[in-house]
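None of the figures in this text is laboratory data; all of them are computed from the coordinates on show. What you see is a predicted model, and the numbers here were worked out from it, not measured in a lab. No Cβ is skipped: glycine too gets one built from the backbone with ideal geometry, and neighbour counts run over all protein chains shown.
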Amino acid sequence: MTALSANVSFADTAPDFADIVADVSPSVVNISSTIKTKRSQASGNEDIQELLRRFYGLESQPTQPRVQQSFGSGFIISSDGYVLTNNHVIDGADKVIVRLSDRREIEAKVIGTDPRTDIALIKIAAKDLPTVRIGKPADLRVGDWVLAIGSPFGFDYSATSGIVSAKARALPSEAYVPFIQTDVAINPGNSGGPLFNSQGEVVGINSQIYSRSGGFMGLSFSIPMDVAMEVVQQLRDKGKVSRGWLGVAIQEVTKDLADAYGLPRPAGALIASVEPKSPADKAGLKAGDIVTQFNGKDINLSAELPQAIGRATVGETYTMTLFRERKAQTVSIMMEALPEEDVAAESADQPDLSRLGMRLRDLQPIEKQQLKVTGGALIVQVVEGSGAEAGLRPGDVITQVGSTAIDGARDFVAAVRKLKPGSTVPLRVTRQGNTQIVALKIEAAEPNK
């Protein structure tokens, strides 16, 4: 074994972030949001309220608002007051307050939000503000040093550093964001804050952590700034985001599937089903096609296809390379906007489906015959979440949620969205020809604010 040179030390390779922190901190802000909810000022117990009224002549206290407050971070992207943060930091807020580095506190106006990428654009009435410099996430390499500044647990202007652990990371909860994964310490309160490269440029927005405890465990995820600025442009121009829509259900290409389809290696996105009258249907795509390129860019993992589609310009025509019957062919597809009803469903107050940790698709007719079922949702992937805790596995077919029969993946999503977060529901599952019942816990969302 060859020893490393004694002349090279960790300190020699680590960047000096002190000057960067001093330079960029004025452009980082603390964000607090307040939500007013209703509650009774008395005990809240209806039976006690009735006793007070009947025996003591006391009327119940009127319902008064209760204020819930949450904190996060953000950063100034233009000197006239535009501030970027996470959607979950200000979601549902009645009032949003931005606190600057000089301790001024200014109420912000929400310009627009995009729940699908977890981005919010807000604006404060101020001029000549210090701004960040936008960098290029594409220039980041795995192993590069990065710096985060934010307000973890309310401790303003806390700086932490680490390295880029991975790029274009796909998470079950976010189909449209190729996350930057780092080992930078991120905790509640950091959400919405900037991730800087070693040149002091913002390359990402700190958004999520992977944790079993609620605190930092070495895995944090940031939204790349090129994705964020595309969203910002639409929010500034229109107040909302229109993104591309293909209208397919996809799954990963395994080695066995690659061999069966005549691919040289496992790569691409296998189309499991095509929605009628969707852009994919109009372009002639079929179940069983494997998409290997979109607009000239290779699709190596299935998660890369929805990311590319989501960033495509509505109304433009794109080329797509696919394998069908062991032959490569190219098709053109006119990009249409994601239907409004799908957008509304995503942003509604509902159980957090991402925390189930499962990816599902519809069954093909041949699969229904082989499994001897008339319908159901096929589980194609299980990651960390309540699905794994319930013992669900890839290959299982969910045929019933509670008393609701499931014909396909959309039925499963619709049934789960009607359930109360925190509840547990029985699932009827077919596994290798046998039917069994498992208990699935429906998790509530716990964003990293």
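Key figures for this structure:
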quantity: Tensor-based shape of the range 180-319 (alpha-carbon gyration tensor, a/c under 1.5 rounded, otherwise prolate or oblate); calculated: oblate
quantity: Candidate lysines - alpha carbon under 26 Å from Lys441, same-chain residues fewer than 8 apart omitted; calculated: Lys418, Lys420, Lys449
quantity: Cα coordinate range in the range 153-192, projected on the principal axes (Å, largest first); calculated: 31, 20, 11
quantity: Long-range HN-HN contacts of Gln400 with modeled amide H, under 5 Å; calculated: Ile406, Arg428
quantity: Pairs beyond 21 Å (Cα-Cα), from Lys36/Lys95; Lys109/Lys238; Lys136/Lys240; Lys255/Lys327; Lys286/Lys368; Lys136/Lys167; calculated: Lys136/Lys240
quantity: 5 Å-binned pair-distance histogram of the range 150-238 (Cα, whole percent); calculated: 3, 14, 25, 26, 18, 10, 4, 1, 0
quantity: log10 of Debye I(q)/I(0), alpha-carbon scatterers only, for the range 82-211 at 0.11, 0.15, 0.19 Å⁻¹; calculated: -0.39, -0.74, -1.20
quantity: Interchain or long-range residues, amide H under 5 Å from Asp289's placed H; calculated: Ile271
quantity: Under the Debye formula (equal points on every Cα, no solvent term), log10 I(q)/I(0) of the range 385-449 at q = 0.14, 0.20, 0.21, 0.25 Å⁻¹; calculated: -0.40, -0.80, -0.87, -1.19
quantity: Burial ranking of peptide ranges 300-312, 234-246, 124-136 (average Cβ count within 10 Å, highest at the top); calculated: 300-312, 234-246, 124-136
